[in-house]
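A short worksheet on the structure shown next.
The values are calculated or read from the model by the stated rules, or taken from the named source; none is laboratory data. Only a predicted model underlies this, so the values are computations on that prediction, with no experimental measurement involved. Positions of Cβ are generated from backbone atoms using ideal geometry, with glycine treated the same way; all protein chains shown enter the neighbour counts.
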Amino acid sequence: MREQSIRFGSFPELSAKWGEPEKPWAAVVFSHPHPLMGGSMSNNVVRLVCHFLNRLDVATLRYDFRGVGESGGEYDQGEGEKEDVLAAVAEARWRTEELEIPLFLVGYSFGSWVNWNSLNQLGGLAGAVFISPPLGSEEYPWPGRNDLDLPISIFIGSADHIAPKEVFLRHLDDLGPVSELEIVDGMDHFWIGYENNLARKIENWIRKFL
């Protein structure tokens, strides 16, 4: 199966890759790492996890935030990027409307932070996954969402020096309810060589809510 290059949204228009297996049973929207640090939808975690999920019959939408790649606009310190998340979710919903399959939101690093800060404007998601979230960072505040009625799964590496486990665990209770947390022993922030395993873990978690 080959992904389809698409564009969606307006002011700005965003560039994306849509992967739809023949008979998808779930769909994922995937937000990438920090644009000013080389993050894009071609990041190893975003790209390879989406490809593996496609092989597991999960539809995927990976996209470039504004100002990245062929997406219009400029980096907006996370504010405009929240609008990008909303546009990506709307696009995925439109493409899966007749399939009637659950839609999950996945974010990696900066993408997980933008996703988290977009959840109060999103409804109808089946769940959200956060990979290496920079929880506890003063630059990236994480407002608590104790009233959030949504399954949340978090994957972090025990050797992550960008989003350290120790800082993450000190602030975890501030988020509100988390349905699942997995700390992968020895893994750093970049998940190199572990992408397929990570995709399988995401797939197994998604299946719990079908």
Item to check | Of all residues in the range 177-210 being exposed (fewer than 14 other Cβ atoms within 10 Å of the Cβ) and among the acidic types (Asp, Glu), the one that is nearest to residue 57 (Cα to Cα) | outcome: 182
Item to check | Unique match (being out of contact with any Lys or Arg (no Cβ under 7 Å at 6 or more places or on another chain) and within 30 Å of residue 210 (Cα to Cα)) among 141, 177 | outcome: 177
Checklist entry - Mind checking which residues of the range 128-139 are within 15 Å of residue 172 (Cβ to Cβ) and surrounded by fewer than 20 Cβ atoms within 10 Å (Cβ to Cβ)? => result 136, 137
Item to check | Residue that is modelled with the lowest pLDDT, among those in the range 1-43 that are closer than 23 Å to residue 206 by Cα and aliphatic (A, V, I, L, M) | outcome: 1
Checklist outcome for this item: residue 94 vs (1) without any contact (Cβ under 8 Å) to a residue 12 or more places away in the chain; (2) aromatic (Phe, Trp, Tyr); (3) touching a Leu at 6+ places or on another chain (Cβ under 9 Å): all pass except (3)
Next on the checklist: Could you list, ordered by first residue, the pairs with Cβ atoms under 6 Å in which the first is in the range 1-20 and of a type in the set (Lys, Arg) and the second is at pLDDT 95 or above, at least 6 apart or interchain?
Outcome noted: 7/13; 7/15; 17/3; 17/62
Next on the checklist: Give me the helices (runs of 4 or more DSSP H) completely within the range 1-119, filtered to those with at least 1 residues that are surrounded by fewer than 18 Cβ atoms within 10 Å (Cβ to Cβ) and in contact with a strand residue (DSSP E or B) (Cβ under 9 Å, 6 or more places away or on another chain), ordered by residue number.
Outcome noted: 79-96
